[in-house]
1. Kindly establish whether residue 228 is surrounded by 16 or more Cβ atoms within 10 Å (Cβ to Cβ) and farther than 30 Å from residue 381 by Cβ.
2. Counting only residues that are among the hydroxyl-bearing types (Ser, Thr, Tyr) and under 16 Å from residue 364 (Cα atoms), how many does the stretch 254-303 have?
3. Please name all residue pairs, on different chains or six or more residues apart, with Cβ atoms under 6 Å, provided the first residue is in the stretch 111-129 and is free of Cβ contacts under 8 Å to residues at least 24 places away in the same chain and the second residue is open to solvent by less than 60 Å² (accessible area, probe 1.4 Å) and more than 10 Å from ligand 1 (Cβ to nearest atom).
4. Just need a number here: residues in the stretch 90-122 that are within 15 Å of ligand 2 (Cβ to nearest atom) and over 28 Å from the mean Cα position of the chain (by Cα).
5. When the residues of the stretch 237-267 are filtered to those that are of a type in the set (Ser, Thr, Tyr) and within 15 Å of the chain's Cα centre (by Cα), which remaining residue is least open to solvent (accessible area, probe 1.4 Å)?
6. Evaluate the following for residue 329: is it in a strand (DSSP E or B) and away from ligand 1 (no atom under 16 Å from the Cβ)?
Amino acid sequence: MARPNAVFVCGSCGGETLKWQGQCPLCGEWNSLEQRSTARARPATPAAAVSLGARAGTDVAARFGSGHAELDRVLGGGVVPGSVILLGGDPGIGKSTLLLQVAAQVAAARGVLYASGEESVSQVSMRAQRLALSAAGLGVVAETDLASILALATERCAALLVIDSIQTVQAGAAGAGAGAVSQLRECTSALVRFAKASGTAVVIVGHVTKEGAIAGPRMLEHLVDTVLYFESEAGSRYRIVRATKNRFGAVNELGFFAMTAGGLKEVKNPAAIFLSRSAQPAAGSIVTVARDGGRPLLIELQALVDRMRFGAPRRIAQGLDANRLAMLLAVANRHAAVSLQEHDVFVNVVGGIQIGETASDLPVLIALASSLKARALPSELVAFGEIGLTGEVRPVAYGDERLREARAQGFRVAVVPKDNAPRKSPEGLTVLGVAGVAEALEAAFGAR
Ligand code: TYD
Ligand code: MG
């Protein structure tokens, strides 16, 4: 079928229809359809293919540092020229602060333009002064018109362009107001074209809506090269940068920052930031060494089991997979004589973190037993390990690294899968290798 010459695009949802209507048939918004030509400009000269062999070695080492090792780590080793990075996060989490710091650092050696549609130049300047940034070479503009921003970036030969935020910029042609889905898409595509053509790295700030998607859309995610989320646990001063998509690096790295009065500071050794141990060991609490973002993290797990009052027993897991908890309860019952069929069970990962690996099986089981017996575990004990359906304790990856980190954080006893127990334990750490769940409980409660 021939493609029609024009379509009608909804300014609210971005959906397309072939004929004009008063109401968008897709999202129900009134008066939101705009006519858009579908004619594609044909390039004057056809593109030529380049053989990659001829380019080998010419593009390496082109990345530049953001001035923040934690951010470079998440990006896969620095900023790639001509790449487009989307930074999403809740309002107030520190996106503007981070990018202003990055912009000022990069500006020491390269051209940088920081375009803010949310703050005036004097507000940005006040913030830079408060953060004690030497921002002499940094270009700041309070502008929302995309064409003007791109013209300025070209004029400054910017190596880095920051758009804060995509919801405030407007491309003249798209018709709809700033922030509308069609505008977001139009502006982002224009920025991608600009980045690829000019070699300028572009960082786009996107606010996250309550649903958790970068507002308007996941659809921005597939347009850009890298998607970073800036996250924080409620009330915590720690901030985590996580890559959920990266064309130029791995997506499992995390970058850790702390929000201080002097801006965002990197956390070089984040292993223990989620650990706040009370002086008195309490029943049901245990520390595990999880691994997230390519690093070991010490995390406290808590379990509470309580005799069920009425109805069906409750099984609540915060930060852990509920199905995994159900499985552990069955294994505990069958293989460790820890029967919780008539108990409500609550398990919580302290700090609001999600643990997505099976290494938390063993500590959860020990914490459940500790709560049931009302017996506290020694405070210098850690545990990790996967549990199988026959009650066996299975090894997990990076056992040595976890043990080293536990020792470095001052723990003295580790209950771990037998196959993870090293021939020679780290100095000062007693490693108890166990093969089954009953043996694991004995080791944990016997350890003093
Ligand atoms: P901001 O970067 O404006 O957030 P976003 O751009 O993601 O909306 O961060 C604002 C918050 O950071 C604000 O609540 C105050 C806090 N903050 C500090 O604690 N210390 C600082 O030095 C700065 C600049 C901000
Ligand atoms: Mg901001």
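The values are calculated or read from the model by the stated rules, or taken from the named source; none is laboratory data. In this text the structure is predicted, and so the values were computed from the model without any measurement. Backbone-built Cβ (ideal geometry, glycine too); neighbour counts: all protein chains shown. Calculation scope for accessible area: heavy atoms of the full protein, side chains included, ligands and nucleic acids excluded. Shrake-Rupley method; radii C 1.70, N 1.55, O 1.52, S 1.80 Å.
1. Taking the combined requirement at face value, the residue satisfies it.
2. 2
3. 120/142; 121/140; 121/142
4. Applying the first criterion (within 15 Å of ligand 2 (Cβ to nearest atom)) to the stretch 90-122 yields 90-103, 114-121.
Pick out the ones that are also over 28 Å from the mean Cα position of the chain (by Cα) and you get 120-121.
Going through the stretch 90-122 one residue at a time, the tally reaches 2.
5. Restricting attention to the stretch 237-267, the residues satisfying the condition of being of a type in the set (Ser, Thr, Tyr) are 238, 244, 260.
Among the residues that remain, those that are also within 15 Å of the chain's Cα centre (by Cα) are: 238, 244.
Working: 238: 52, 244: 69 Å².
In this case the residue turns out to be 238.
6. Details: in a strand (DSSP E or B): no; away from ligand 1 (no atom under 16 Å from the Cβ): yes.
Spelling it out, it is not the case that residue 329 is in a strand (DSSP E or B) and away from ligand 1 (no atom under 16 Å from the Cβ).
This table checks each residue for (1) under 30 Å from residue 164 (Cα atoms); (2) hydrophobic (A, V, I, L, M, F, W, C); (3) in contact with a helix residue (DSSP H, G or I) (Cβ under 9 Å, 6 or more places away or on another chain); (4) at pLDDT below 90.
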position: 259; (1), (2), (3), (4): yes, yes, yes, no
position: 264; (1), (2), (3), (4): yes, yes, yes, no
position: 290; (1), (2), (3), (4): no, yes, yes, no
position: 304; (1), (2), (3), (4): no, yes, yes, no
position: 307; (1), (2), (3), (4): no, no, no, no
